[in-house]
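Take a look at the structure set out below.
The values are calculated or read from the model by the stated rules, or taken from the named source; none is laboratory data. Just so we're clear, the structure is a prediction, and the values are computed from it rather than from any experiment. No Cβ is skipped: glycine too gets one built from the backbone with ideal geometry, and neighbour counts run over all protein chains shown. These area figures cover heavy atoms from the full protein model, side chains too; ligands, DNA and RNA do not enter into them. Shrake-Rupley method; radii C 1.70, N 1.55, O 1.52, S 1.80 Å.
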Amino acid sequence: MDNRNPETGKAINLADDEGTGNSVDYEQALSLTGFGWFHYRLLALCGLIYANTAIGVTILSFVLPSATCDFRMTSEDKGWLTAAPMLGMVIGSYFWGCLADTKGRRVVLIAALLLDGAIGILSTASQIFSLFMFFRFINGFAITGAMGICFPYLGEFQPTVYREKILCWMELFWTLGIIVLPCIAWLVIPLDLRYVSDHGFRLASWNLFVALSAIPSLLLGVWLFSFPESPKFLIECGEEELAIEVLKDIFRANTGRERDEYPITGLKVREKGNAIMEAHQRSIRSFCIHKPKHIRILLGEIWEQTKTLCGPTFRRNTLLACLIQFGITSSYYTLMIWFPELFGRFEEYEKRYPNSSVSVCDVSSIVLDTGNGTVVEEFCGTEIDTNVYWHTLLLGFACIPTSFWLPLCVHRLGAKFFLSTYARRIAPVFSLLVAAGVTVGLSYVSNSTQNLVLSCIFEALTSMGISTVYCVMVDLFPTNLRVMAAALSLTCGRGGALIGNILFGFLVDLNCFIPVVLFAALLLGSAILCFFLPNTGTMALE
């Protein structure tokens, strides 16, 4: 068998390690499994999980106008509703990140997906606004687990030469989710479906839309049972023999050869392992989260990792990551969720006052009567103008060019170049600066077409900026701190989205110029902070 490393093209000399049972490091062992069917299936799975998270994050964008009448929602109510899943994400980001480092990536993904799907279906029967808001809080709590863990789970199966390229293609799946959501809404919400029982129980087409959007989470969670735990995580837990069995399965799936033909029989163990395992001489996966003693031990390790991130060595990078995530996420998630609502208000205004011009900030005060906090009856109902679906669909299509830009740059220029000063500073700075200018421009548009064009530019550039920052963040922390650092920064980002949605809901009808300018300032601040990101890329492939 020709045991070659696909990254260097050189043969790996296993004879040198025969005395130790052909022991090589993890990257060499993973390279010898090849790259084929298993990795394509895994990319499809993780990509669809990421697309599903895009649906879960933005699903309320169509629920807001559809359920206005059923829940008698004011703009403030809509602000609280959109903030509920963000609060769940704030709490869930760190929880799932910690759990993934103790119980495994696969089990966290399965639990998060099944919880999201079950609660999503259950929420469709909710007849009370506060109960529906609570269910969306749980959905946000669950979906952030899938969103945060699918990247490390996918990346830890990839040979070094393919890792950055594969991770960059994930952005295309997010765009897929943004495109699929309005398609499902367009097919379901306009249906003449409304059921009212004698006891006042109501079901409408938007309830069916929510239920259908929850089914993919259940299917993906079930599909994930056919995939193994990350062998890299198993090695970190001291379970080298189980990791080799997983590598043998990958080898057979990729090459079609027998498992016994896999040439590796031992893996080199890192000199310094997990502190808990060293102290207790057991796999971290054996600790039970329902035992108080084990919980204290795990919480102690989590606290030590958090202190390390906030210590002198990583404090600067941690602060930069958290502030940049706060600025980008608060702006992106807030406006993305509210865009269909704003599109609908523009369409309503142009129906009432054709051939007249008005800014997006003036539309609400004309379409909605907010003087006594009630919703105008003519704007209360489940019918959404067809143009709203079409305009939201165009937002997804606008992301396609930038979704291809990121992986193609890595493919042509290489991961190390892409993680250099150019990408780390120029790419995110350019996209965020233009996005900030476009955000300010949203308050000056005079018709729905101008609003659509600027919204598409905002969506494409901000999405590209987020993807670039995600790739760069991988380079800021060593392997043993990456998941925890990502969880901490994502928590800050979701906190920004939580504040942004509440703020926008309260001010959209009163003076929407204030939140628009604030979001532009946050994007501008994130762009400036990108100038302070470190230049070196020494940890990117650890």
Any idea of residue 94's accessible area? Nearest 10 Å², probe 1.4 Å.
50 Å²
Around residue 85, under 10 Å between beta carbons, what's the net of Lys plus Arg minus Asp minus Glu among the other residues?
+2
Which shape class applies to region 30-138: rounded if a/c is under 1.5, otherwise prolate when a/b exceeds b/c and oblate if not, where a ≥ b ≥ c are the square roots of the Cα gyration tensor eigenvalues?
prolate
R0 = 51 Å: FRET efficiency of residue 400 with residue 260, Cβ-based, nearest 0.05?
0.70
Considering the dipole of region 20-270 built from charges on the beta carbon (Lys and Arg +1, Asp and Glu -1) around the Cα centre, which of 199, 152, 233 is farthest to its positive end?
199
Could you work out how much longer the chain between residue 356 and residue 40 gets when fully extended? Use 0.36 nm per residue separation minus the Cα distance between them, nm to one decimal.
108.5 nm
Quick one: length gained pulling residue 72 to residue 225 fully straight, 0.36 nm per residue minus the C-alpha distance?
50.9 nm
Post the alpha-carbon centroid distance, region 208-224 to region 56-94, in whole angstrom.
19 Å
Can you figure out the FRET efficiency of residue 268 with residue 202, using R₀ = 60 Å and their beta-carbon distance, to the nearest 0.05?
0.45
If a paramagnetic tag sat 7 Å from the Cα of residue 183 along the Cα-Cβ line, which residues of region 53-94 would have the backbone N under 16 Å from that point?
53-56
Which order do peptides 446-454, 60-68, 169-177, 385-393 fall in by mean Cβ count within 10 Å, highest first?
60-68, 169-177, 385-393, 446-454
Heavy-atom accessible area ranking, 1.4 Å probe, most first, across 218, 342:
218, 342
What's the ranking of 433-443, 307-317 by average number of surrounding C-beta atoms within 10 Å, highest first?
433-443, 307-317
Residue 531 and residue 313 label points (each 7 Å along its Cα→Cβ direction) are spaced in nm at 3.0 nm
Say R0 is 25 Å: what FRET efficiency, to the nearest 0.05, do residue 245 and residue 95 get from their beta-carbon distance?
0.25
For region 84-140, just say rounded, prolate or oblate: build the C-alpha gyration tensor, square-root its eigenvalues into a ≥ b ≥ c, call rounded for a/c under 1.5, and beyond that prolate if a/b exceeds b/c, oblate if not.
oblate
Dividing the mean separation of Cα pairs under 8 Å (6+ apart) by the residue count of region 20-270 yields a relative contact order in percent of 37 percent
Which value, in Å to one decimal place, does the Kirkwood hydrodynamic radius take for region 20-270 when every pair of different Cα atoms is included?
19.7 Å
Could you tell me the accessible area of residue 348 in Å² (1.4 Å probe, neighbours in place), rounded to the nearest ten?
40 Å²
